[in-house]
Amino acid sequence: MRKNKNKLIDVARVKELFNYTNKELIWKVNKGLAKIGDKAYKNSMGYKVIKFDGVNYLEHRILWALHKETQPSCIDHIDGNTSNNNIENLREATLSENNRNTKIYKSNKSGVKGIHWDKEKKKWFVQLWYDGKQNFLGRYKSLEDAKEIIENARLKKHQSFANNGY
């Protein structure tokens with residue numbers, strides 16, 4: 001999929017092949033394995049994908065091109081749900097902004113993005129990515145204190161792309 005990431009979408013071709021109904025694309029012609037009424041399939045990362053003319057396209061990129069008549073390099077799902085392609089849930093973003101709006105990793109043990117336990121110091125270690133680097137925000141005895149620090153910093157630095165991960 002990645003190799004086709006920046007393939008320009010032919011909006012006229014999309015209009016030939018699909019109807020936009022109930023906030024999703026639906027095939028309006030039979031083409032290859034696709035039948036009239038078929039919808040996008042979900043890939044392993046939860047993105048809706050449509051293949052036509054030999055190329056896989058992410059549905060949200062097609063919908064953006066249809067609605068906004070532009071094709072930015074990065075489109076962010078505001079609510080973090082990669083299958084919610086409602087146009088109101090999509091916004092143009094830089095890669096850095098898109099990365100800020102991520103959910104918490106499954107491997108996170110503190111339950112809070114940017115916080116982990118420092119065994120040696122026996123305190124919660126707090127760091128936040130911004131300006132292209134990790135920024136140390138301190139060590140705290142209380143998880144609640146650490147959580148308050150990172151959430152305030154995230155709001156200040158990440159602004160509308162701030163996502164605490166829960």
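Structural remarks
- Pairing each residue of the stretch 127-140 that is basic (Lys, Arg) with any residue that is surrounded by 14 or more Cβ atoms within 10 Å (Cβ to Cβ), provided the two are 6+ apart or on different chains, yields C-beta distances under 6 Å for 139/123; 139/125.
- Criterion applied to 104, 50 was being part of a loop (DSSP other than H, G, I, E, B) and of a type in the set (A, V, I, L, M, F, W, C), and the one residue passing it is 104.
- If only residues of the stretch 76-103 that are among the hydroxyl-bearing types (Ser, Thr, Tyr) and closer than 21 Å to residue 114 by Cα are counted, the one that is modelled with the lowest pLDDT is 102.
- Leading residue by the ranking (nearest to the chain's Cα centre (by Cα)) among those in the stretch 29-67 that are open to solvent by 60 Å² or more (accessible area, probe 1.4 Å) and in contact (Cβ under 8 Å) with a residue 24 or more places away in the chain: 45
The values are calculated or read from the model by the stated rules, or taken from the named source; none is laboratory data. What you see is a predicted model, and the numbers here were worked out from it, not measured in a lab. Here the Cβ is made from the backbone with ideal geometry for all residues, glycine too, and neighbour counts use every protein chain on show. The area values use the complete protein model at the heavy-atom level, side chains included, leaving out ligands, DNA and RNA. Shrake-Rupley method; radii C 1.70, N 1.55, O 1.52, S 1.80 Å.
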